[in-house]
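The values are calculated or read from the model by the stated rules, or taken from the named source; none is laboratory data. What you see is a predicted model, and the numbers here were worked out from it, not measured in a lab. Backbone-built Cβ (ideal geometry, glycine too); neighbour counts: all protein chains shown. Ligands, DNA and RNA are stripped out before the accessible areas are found, and what is left, the full protein with its side chains, is counted by its heavy atoms. Shrake-Rupley method; radii C 1.70, N 1.55, O 1.52, S 1.80 Å.
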Amino acid sequence: MSDTTHHDSRSADAPRRLRVIVADDQAAVREPLAAVLALSDDIDIVAAAADGDEVLAAVAAGPVDVVLMDLRMPRTDGIEATRRLTEDHPDVAVVVLTTFADDDSILAALSAGARGYLTKNAGRQDIVRAIRAAAAGQSVLDREVQDRLLATVRSKSPAPTQTLPGDITPREREVLTLIGQGLPNRAIAQQLFISEATVKTHINNLFAKAGIRDRADAVRRAIAAGLA
């Protein structure tokens, strides 16, 4: 692992080294991936996990910034581990790295709270960029994943006349627009100059008023309303 501590242009928006967990049930994937990522000047691999239980234990031992998460793992899989991390450790970003790019896997991972979704065709630099972006509160989707997600969301969107009730406030509409663009709560708070707690309040009110089930449903509703 590199001991270099200087900051170059790549880490201008990440002043400290990022603490990363690599999770994959196959050692032949997990270990080389961890070794390659550790060559980056601003990434420290703090753990390599073979399943979701090991991820949760490593995060609890902390501190951790980003988990690079496979989906299909024994015991606790990547979807459930992501859901628990989102609930219990919301400051830890999850970037999915998987061979699966089917609609169900993508929507399940994003609904669980994943901030990024890459397929294993992604190169080292793509993965590093996704890790940095996720740590900065941004969402990163593989191009193939993004295209499939948008096609799926649009095909399942309700008619525009059924999208949003009339008592949605202008601020709630802004929040829905940013959810539709794939922004996590932290980035929404930064863009609107409000606290993350206030964002959550707006989301709770919005979901209750509009009957929105989860974040993936919110993306569908935003697209159907012409907001994203």
Residues satisfying the stated conditions in the range 171-197, i.e. closer than 20 Å to Pro90 by Cα and open to solvent by 50 Å² or more (accessible area, probe 1.4 Å): Gln181, Arg186, Gln190, Gln191, Phe193, Ser195, Glu196, Ala197
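Looking only at the range 2-38, filter to residues that are of a type in the set (A, V, I, L, M) and exposed (fewer than 12 other Cβ atoms within 10 Å of the Cβ); which one of those is modelled with the lowest pLDDT? Show your work before the answer.
Our first condition is that a residue be of a type in the set (A, V, I, L, M); within the range 2-38, this holds for 12, 14, 18, 20-23, 27-29, 33-38.
Applying the additional criterion that residues be exposed (fewer than 12 other Cβ atoms within 10 Å of the Cβ) yields 12, 27-28.
On the way: Ala12: 46, Ala27: 90, Ala28: 90.
The residue in question is Ala12.
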Selection within the range 128-153 - closer than 15 Å to Val20 by Cα, of a type in the set (Gly, Ala, Ser) and open to solvent by 20 Å² or more (accessible area, probe 1.4 Å): Ala135, Ala136
Restricting the range 73-127 to residues that are among the basic types (Lys, Arg) and crowded, with 16+ Cβ neighbours inside 10 Å, the residue that is nearest to Gly180 (Cα to Cα): Arg115
Per-region count, the range 200-226, residues open to solvent by less than 70 Å² (accessible area, probe 1.4 Å), farther than 17 Å from Pro184 by Cβ and aliphatic (A, V, I, L, M): 4
Near pairs, Cβ below 7 angstrom, 6+ apart or cross-chain, from the range 166-179 (under 16 Å from Asp217 (Cβ atoms) and acidic (Asp, Glu)) to any residue that is surrounded by 19 or more Cβ atoms within 10 Å (Cβ to Cβ) and modelled with pLDDT of 90 or more: Glu172/His202; Glu172/Leu206
Subset of the range 206-228 [aliphatic (A, V, I, L, M) and in contact with a helix residue (DSSP H, G or I) (Cβ under 9 Å, 6 or more places away or on another chain)]: Leu206, Ala210, Ile212, Ala216, Ala218, Val219, Ala222, Ile223, Ala224, Ala225, Leu227, Ala228
Pairs where the first residue, in the range 107-132, is more than 12 Å from Ala216 (Cα to Cα) and the second is of a type in the set (S, T, N, Q) and open to solvent by 20 Å² or more (accessible area, probe 1.4 Å), C-beta under 7 Å, 6+ apart: Arg115/Ser139; Gly116/Ser139; Thr119/Thr99; Lys120/Thr99
Tabulated pairs, the range 64-77, first in contact (Cβ under 8 Å) with a residue 40 or more places away in the chain, second of a type in the set (Phe, Trp, Tyr) and open to solvent by less than 20 Å² (accessible area, probe 1.4 Å), C-beta under 8 angstrom, 6+ apart or interchain: none
